[in-house]
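Visitor: Before I ask anything, here is the structure I am working with.
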Amino acid sequence: MYLEMINMLIGRWMMPVWLLLWGGCYRTAPEGYVIHKTAVADSAMVVSAHPLATATGLRILRAGGNAVDAAVAVQFTLAVVYPSAGNIGGGGFMLIAPPQGEPAALDFRERAPGAAFRDMYLDGAGAPIPDASVLGALAAGVPGTVAGMAEAHRRYGRLPWPELLKDAIRHAEEGLGLTALEARYLNERQALFRQVNREHVPFVQAEAWREGDLLVQPDLARTLGRIRDLGGAGFYEGETAELILEEMRRSGGWISRQDLMDYRAVWRTPLAGSFRGMEVLTMPPPSSGGVALLQLLGMAEAFAPDPGEAFRPAAMHRMAEASRRAFADRASYLGDPDFVEVPVPALLDSGYLRRRFADFRADTVTPSALVRAGLPAPSEPEQTTHFSIMDAEGWAVSVTTTLNLAYGSKLVVQGAGFLLNNEMDDFSLKPGVPNQFGLIGDSANAIAPGKRMLSSMTPTILRHDGQTFLVLGSPGGSTIITTVFQVVLGVLDFGLTLEDAVRAPRFHHQWRPDTLWMEPGWPDSVRTGLSRLGHRLVEREPYGRVDAIHRLPDGRLVGVADPRGDDHAAGY
Ligand code: DON
């Protein structure tokens, strides 16, 4: 019923004209990529950050693989064709909703090396050492991606493992033409690549990169070949492990042989909440994303859905005020559940969320200084990428994966050709000291040997009557959470099409700093309205890349790729 109502309300005529001005349906790069921002299909859909990765996913599905096979193959292809965030030297989260049976969440997040300790990034005076957690070998956590892919395939895969690495290896060997955006990303970081790497790396060249230039990665091709032949052991043992250890010695990193041997991806029980009659499946800790998203939806549900409110200051104010409260909780309570007790049921309790929002005022902001973590007693003192896949049997897979910042630590493992993450910066290096995303934390997210750093990644699947309704997620550090929240509300409360909800300008509040970040594109009337309510607005560059799939009432699938990147949707 509710869905039908939403679909009746959906219509382009509802969209402000300024939304329609941003982002086209497709564009063609000179080397021949055709990028579709929206695709409609009867059976299966893949949406990812790069047209070649989307093509890999579709090829695997057509070859008889399920959505998990396709996800594993897309992950490996992204590691080659989208090196700023696609990775084998990083980690992430995979949420899986099979057509029947229990959903599952796979945690392949990086871990702190065994030698890590709480104050490892502080100098003798207790001040953070500049760049130590961000650049070079010391910034890297123990990578989880290869173990994660092997584990997902072991449990759910259908096609032979080598098939899933075929495209990735070919693109690494033969090279791929850069898109204009990737060329720009690489050019912006040439100095950092040179600073961190002593030897030549494939991402550096004497002249500026241009659209269509060929990026060839022979060392990476060989590493992927070992993974194809040996599975996880092709990364965590043998030649690849030796190359990682040599790099650690050369560059002063702490990842040890034991750390590599000990790494395991972990199956976790997905968080399952509800919103407007939908089942919301999302990522549990060590991501904060799912808890925060369910808190935000819980606070939003107290207000009736109203399509007339889309992009109005009153609704945006409510959403920002909810974010302020959710992020205050995040800073205090969230961390690796294998190390700290995270009070998830208490944080998601509907009574708690009601009380949490009881001091909300529609006519003014609640200054962040007055917002404290909400539970009575704490139990314990930019680049990522998301892809969404649905197959013809009804499997849905939602994966967010990252090196943390673009190209991670910028350090390429010599001879192995892959970038190491700089995920250690996601720990709280010191209570109250903000990380690269301005996030602060406390002991729950302090560094400890073997601990997973807190994440904001929020791979999410909404189901209705047991059928997948929406698959989505985004990169963007802390903004991931509010981006996913905004798209879900856009579709369910404001009557937008998924395409319009993804394309819409974004806004973000994370408690600290007490700032409402706004993407370009908001009309003056909205900005003025929010300023009048007391928000301190700061404009920032476009952020987030939502790659999402929506099932229409007639069963067709709509894939939507974010216009902010080269993201590409395709199905059949
Ligand atoms: O796990 C996290 O929350 C961060 N490492 C994600 C980083 C990110 O999204 C950067 N992208 N734009």
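Visitor: Multiply the residue separation of Leu552 and Tyr572 by 0.36 nm, subtract the distance between their alpha-carbon atoms, and state the gained length in nm to one decimal.
Guide: That works out to 5.7 nm of additional length.
Visitor: So, one more: So for segment 493-572, averaging the separation of alpha carbon pairs under 8 Å that are six or more residues apart and normalising by length, what relative contact order in percent results?
Guide: 23
Visitor: Something else: Please work out the C-alpha center-to-center distance from segment 557-572 to segment 425-488 and express it in whole Å.
Guide: Measuring centre to centre over Cα atoms gives 23 Å.
Visitor: Got the relative contact order for segment 482-528 handy, in percent, Cα pairs under 8 Å and 6 or more residues apart?
Guide: Once normalised by length, the contact order is 29 percent.
Visitor: Could you check the simple spin-label distance between Arg198 and Glu174, using points 7 Å along Cα→Cβ, in nm with one decimal?
Guide: 3.7
Visitor: Taking the convex hull of the Cα atoms, report for segment 287-415 its projected area averaged over all directions, in nm².
Guide: Hull-based average projected area comes out at 13.1 nm².
Visitor: In square angstrom, rounded to the nearest 10, how much accessible surface does Asp363 have for a 1.4 Å probe?
Guide: 90
Visitor: While we're here: Would you compute the Debye intensity of segment 458-572 from its alpha-carbon atoms alone, equal scatterers and no solvent, and pass along log10 I(q)/I(0) at q = 0.18 Å⁻¹ to two decimals?
Guide: Calculated log10 I(q)/I(0) at the listed q: -0.93.
Visitor: Given Cα positions, please report Rg to Rh for segment 121-209, the hydrodynamic radius being the Kirkwood one.
Guide: Using only Cα positions, Rg/Rh for segment 121-209 is 1.09.
Visitor: Same structure again: Hey, how many Å between the Cα centroid of segment 224-268 and the Cα centroid of segment 317-357?
Guide: 35
Visitor: Quick one: length gained pulling Asp229 to Leu370 fully straight, 0.36 nm per residue minus the C-alpha distance?
Guide: So the chain would gain 45.1 nm between Asp229 and Leu370.
Visitor: What is segment 219-263 by shape, rounded, prolate or oblate, if you read a ≥ b ≥ c off the alpha carbon gyration tensor as root eigenvalues and call it rounded for a/c under 1.5, prolate for a/b larger than b/c, and oblate otherwise?
Guide: Oblate is the answer for segment 219-263, as a/c is 1.5 or above yet b/c matches or exceeds a/b.
Visitor: Still on this structure, I have one more. Whole number please: convex hull volume per residue of the Cα set in segment 297-340, in Å³?
Guide: Measuring per residue, one finds 84 Å³ for the Cα hull of segment 297-340.
Visitor: Which of the peptides 534-540, 435-441 is most tightly packed, and how do the rest follow, going by the mean number of other Cβ atoms within 10 Å of each residue?
Guide: Ranking the peptides 534-540, 435-441 by packing returns 435-441, 534-540.
Visitor: Another question, then. So if R0 is 22 Å, what FRET efficiency would Val538 and Gln190 give, r being the distance between their Cβ atoms, rounded to the nearest 0.05?
Guide: My answer for the efficiency is 0.20.
Visitor: Provide His200, His36, His509 ordered by accessible surface of protein heavy atoms (probe 1.4 Å), highest first.
Guide: Accessible-area ranking of His200, His36, His509, largest first: His200, His36, His509.
Visitor: Give me Rg/Rg_expected for segment 271-358, where Rg uses Cα atoms only and Rg_expected = 2.2 N^0.38 Å with N residues.
Guide: 1.11
Visitor: Related question: Report the relative contact order of segment 71-194, percent, no decimals, based on alpha-carbon pairs under 8 angstrom and at least 6 residues apart.
Guide: Rounded, it is 32 percent for segment 71-194.
Visitor: Then there's this: What does the charge count near Ala39 come to, summing +1 for each Lys or Arg and -1 for each Asp or Glu among other residues with Cβ under 14 Å from its Cβ?
Guide: Combined, the nearby Lys, Arg, Asp and Glu give -2.
Visitor: Now for a separate question. Could you bin all the Cα-Cα distances of the chain into 10 Å bins starting at 0 and give me the percent of pairs in each, rounded to whole numbers?
Guide: All Cα pairs, binned at 10 Å, distribute as 4, 19, 31, 28, 15, 3, 0 percent.
Visitor: Equivalent-ellipsoid semi-axes (√(5λ), Cα gyration tensor) for segment 168-247, whole Å, largest first?
Guide: Equivalent-ellipsoid dimensions as semi-axes: 26, 17, 8 Å.
Visitor: Kindly report, to the nearest 10 Å², the accessible surface of Ser43 as traced by a 1.4 Å probe over protein heavy atoms only.
Guide: Answer for Ser43: close to 40 Å² accessible.
Visitor: Another question, then. Can you send over the solvent-accessible area of Lys37, 1.4 Å probe, protein chains only, in Å² to the nearest 10?
Guide: Only protein atoms counted, so the area is about 20 Å².
Visitor: Using the Cα atoms of segment 450-497 to build a convex hull, what is its mean projected area in square nanometres?
Guide: 4.5
Visitor: State, to one decimal in nm, how far the label point of Val216 lies from the label point of Trp267, with both points 7 Å from Cα in the Cβ direction.
Guide: 4.4
Visitor: Next up: Remind me, what semi-axes does segment 62-146 give for its equivalent ellipsoid, largest first in whole Å, using sqrt of 5 times each Cα gyration tensor eigenvalue?
Guide: Result for segment 62-146: semi-axes of 35, 16, 8 Å.
Visitor: What FRET efficiency comes out for Arg354 versus Arg118 if R0 is 41 angstrom and r is the Cβ-Cβ distance? Round to the nearest 0.05.
Guide: Approximately 0.70, to the nearest 0.05.
Visitor: Hey, any idea what the orientation-averaged projected area of the convex hull of segment 244-294's Cα atoms comes to, in nm²?
Guide: That works out to 5.1 nm².
The values are calculated or read from the model by the stated rules, or taken from the named source; none is laboratory data. In this text the structure is predicted, and so the values were computed from the model without any measurement. Don't worry about glycine lacking a Cβ; one is built from the backbone with ideal geometry, like all the others, and counts go over all protein chains shown. Side chains included, ligands, DNA and RNA excluded: accessible areas come from the protein's heavy atoms. Shrake-Rupley method; radii C 1.70, N 1.55, O 1.52, S 1.80 Å.
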